Amino acid sequence: MKNKQLIRFTIFFALVLIALISLIFIFSDNFSINPGKGNELPDNYVINVIDGDTFQINSGEIIRLLCVDTPEKSQEGHQEAKEFLEFLILNKEAILEHSITDKDNYSRLLRYVYVNDSYSSELLFVNRMILNKGYGTLFIVPPETCKEMN
């Protein structure tokens, strides 16, 4: 009887251990099947869209679209603006162009953003598209002139 209990306990312990090790590998940001290769994504690869006018790139920097303001989380249209920006740039390499002001009060990089359109191979001017499609409004903070938005 004790032998069967010991076998059951050993099998149970082994299964729990395997499950824990599996979870560690699944949820570990540092796990790599090819150690030494490192992160091969470019620094300007979009990894997260925060809202309709803000996103994060692979380098860790937070980018705020210049001259564009979209609804905040508690406002109507927020989710739609966020989803549109995700559609345009998520999991793509962004071309970032600075203007007069480098960063805002929250240390986010202020940039005009372009991405390659996968259908036409043309560059899409993301800031202007947000405005043209009605997901945001023109937002001019001096010394910026936002002349690129015309």
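The values are calculated or read from the model by the stated rules, or taken from the named source; none is laboratory data. These figures come from a predicted structure and were not determined experimentally. Quick reminder, even Gly has a Cβ in these numbers, built from the backbone with ideal geometry, and neighbours come from all protein chains shown. Side chains are part of the model used for accessible areas, which takes the heavy atoms of the whole protein and leaves out ligands, DNA and RNA. Shrake-Rupley method; radii C 1.70, N 1.55, O 1.52, S 1.80 Å.
Could you list, in sequence order, all residues of the stretch 52-100 that are of a type in the set (Asp, Glu), in a loop (DSSP other than H, G, I, E, B) and within 13 Å of residue 114 (Cβ to Cβ)? Before the answer, list the steps.
Initial filter on the stretch 52-100 (of a type in the set (Asp, Glu)): 53, 61, 69, 72, 76, 80, 83, 86, 93, 97.
Then drop every residue that is not in a loop (DSSP other than H, G, I, E, B), which leaves 53, 61, 72, 76.
Of everything in the stretch 52-100, nothing turns out to be of a type in the set (Asp, Glu), in a loop (DSSP other than H, G, I, E, B) and within 13 Å of residue 114 (Cβ to Cβ).
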Query raised in the report: What is the one condition in (1) under 13 Å from residue 70 (Cα atoms); (2) of a type in the set (S, T, N, Q); (3) free of Cβ contacts under 8 Å to residues at least 40 places away in the same chain that residue 105 does not satisfy?
Result: (1)
Query - Residues of the stretch 44-62 classified as within 20 Å of residue 140 (Cβ to Cβ) and free of Cβ contacts under 8 Å to residues at least 40 places away in the same chain, total - result: 1
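When you scan the stretch 100-109, do you find a residue that is in contact with a helix residue (DSSP H, G or I) (Cβ under 8 Å, 6 or more places away or on another chain) and among the β-branched types (Val, Ile, Thr), even just one?
So in the stretch 100-109, the residues in contact with a helix residue (DSSP H, G or I) (Cβ under 8 Å, 6 or more places away or on another chain) come out as none.
No, that holds for no residue.
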Query raised in the report: Going through the stretch 103-150 one residue at a time, which ones are among the small types (Gly, Ala, Ser), more than 17 Å from residue 50 (Cβ to Cβ) and modelled with pLDDT of 95 or more?
Result: 134
**Report entry** Residue check for residue 22: at pLDDT 75 or above and surrounded by fewer than 16 Cβ atoms within 10 Å (Cβ to Cβ)
**Finding:** no
Report task. Starting from the stretch 63-86, keep only residues that are of a type in the set (A, V, I, L, M, F, W, C) and modelled with pLDDT of 95 or more, then list their pairs with residues that are buried (at least 21 other Cβ atoms within 10 Å of the Cβ) and in a loop (DSSP other than H, G, I, E, B) whose Cβ atoms are within a distance under 6 Å, requiring at least 6 positions of separation or different chains. Result -> 65/53; 68/53; 68/136; 81/52; 81/70; 81/135; 84/135; 85/52
Query raised in the report: Given the conditions (1) aromatic (Phe, Trp, Tyr); (2) surrounded by 12 or more Cβ atoms within 10 Å (Cβ to Cβ); (3) outside any loop (DSSP other than H, G, I, E, B), which single one is not true for residue 135?
Result: (3)
**Report entry** Which listed residue is open to solvent by less than 100 Å² (accessible area, probe 1.4 Å), over 19 Å from residue 125 (Cα atoms), at pLDDT 75 or above and not basic (Lys, Arg), from 99, 59
**Finding:** 59
